[in-house]
Structures are given as structure tokens and as C-alpha cells.
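Scroll down for the structure; my scribbles are underneath it.
The values are calculated or read from the model by the stated rules, or taken from the named source; none is laboratory data. This structure is a prediction, so every number in the text was calculated from the model and none was measured. Note: accessible area is taken over every heavy atom of the protein model, side chains too, but ligands, DNA and RNA are not part of it. Shrake-Rupley method; radii C 1.70, N 1.55, O 1.52, S 1.80 Å.
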Amino acid sequence: MIFVLALLIGVVAGLRAMMAPAAVAFAARFGGLALTGTPLAFMGYAWTPWILGIAAVGELITDQLPSTPSRKIPVQFGTRVVTGALSGACIGAAHDALVIGLVAGAIGAVLGTLGGSALRTKMAAAFRSDRPAAIVEDIVAIALAALVVFFA
């Protein structure tokens, strides 16, 4: 179960790079994701969820801009893998499986990045506009992140 949750939070990172760590940080601070005493305890510190939450909101806004680069360029792709691995590691660490969570989160981020890009392209073609596709993707990322941290 931990592998699946870590994989799914990685998928969230593949869709929206900052959404996954923000969700995990809020869960660590307020929702009972037990990271105290782990190397990832900083995710539950007082300011961490707010800083990551602002970054996640900023990403939701900038994703709507036509000048936003593809998620598949190396910097964007790498960021998603790193945030997916971090978020998955947090899920794993809360259940004494940090390495399993880290690996699953990274795999999920790759799947979310490539799959999210393909699905968004298809949705944009169906909608004949990218904006509705981006909004659908935002909603999926937020809902999946909330679901994962609820069960973690």
C-alpha cells in the first residue's frame, strides 16, 4: 500500500511539480503524516507547508501562460522527478520505508510527467484549447494529492 501511495504522489509531481511536496508538507504539519524523527522532519516545520503551498499556487497560475516551457525539457522533467522522489520518500518515511517511497515517487513522477503530457495534448485537441485541459489537469492533481495524503 505504501508503494502505491508513494507512486501516486509521484504522479501528482509529474502533473504539477510543487503540488506533491506542498500536499505532503501540509499533511506532515497538520494531517498526521508522521515525519518527526525522520530525515524528512523538515517537511512538517512551521513554514515549510506555506512556502511550498505558495510555490504550488504559483505553478497553477504560471501553467496557464503560453510561454510556460514543456514539462519534458530536462530542467522541468528533473524537477518533477526530484519533487516526486522527495514526496514519495515522505510517504515512505512515515511508514519506515523511506527508500521504497523515494523510488516509487520517482517512478510515479516519470509516469505522471509523460502520461500527463500525452493526456493533456489529447484533451487540448478535443477541447480545441489548452486552457480547459490545463484546468482539468489541475483538478486531477489537487484531488489526487488530497486523496493520497488522506490515506497516507
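Between Ile142, Ile51, Ile73, which gets the highest mean-square fluctuation from a Gaussian network model of the chain, Cα cutoff 10 Å?
Ile73
Work out from phi, with θ = phi - 60° and the Karplus expression 6.51 cos²θ - 1.76 cosθ + 1.60, the ³J(HN,Hα) of each residue of the stretch 17-27, listed in order in whole Hz, and give x for Gly and Pro.
Couplings: 3, 8, 5, 5, x, 5, 4, 5, 5, 5, 5 Hz.
Does anyone have the angle between helix 74-93 and the longest principal axis of the chain? Alpha-carbon axes, 0 to 90°, nearest 10?
30 degrees
Return the inverse of the average 1/r over all pairs of distinct C-alpha atoms in the stretch 64-150, which is the Kirkwood hydrodynamic radius, in Å to one decimal. Don't jump to the answer; show the numbers that get you there.
Values: mean 1/r = 0.0721 Å⁻¹.
Its Kirkwood hydrodynamic radius stands at 13.9 Å.
Heavy-atom accessible area of Leu40 with all protein chains present, probe 1.4 Å, nearest 10 Å²?
20 Å²
Comparing Leu33, Leu65, Leu114, which has the greatest mean-square fluctuation in the GNM of the chain with Cα pairs linked when under 10 Å apart?
The residue with the greatest mean-square fluctuation here is Leu65.
Relative to the longest principal Cα axis of the chain, at what angle does helix 130-151 sit, 0 to 90 degrees, rounded to 10?
20 degrees
Within the chain, what whole-number % of the accessible surface is contributed by carbon and sulfur, with the 1.4 Å probe and all protein chains included in the calculation?
Numbers: 5740 of 7590 Å².
Result for the chain: 76 percent of the exposed heavy-atom area is carbon or sulfur.
Helix 48-62: angle to the longest alpha-carbon principal axis of the chain, degrees 0 to 90, nearest 10?
That works out to roughly 10 degrees.
For the chain, with equal point scatterers placed on the C-alpha atoms only and solvent neglected, what are the log10 I(q)/I(0) values from the Debye formula at q = 0.09, 0.10, 0.17, 0.20 1/Å, to two decimals?
-0.25, -0.31, -0.85, -1.13
Can you give me the Cα centroid spacing of the stretch 24-43 and the stretch 94-135 in angstrom?
If we compute the Cα centre of each part, the gap is 23 Å.
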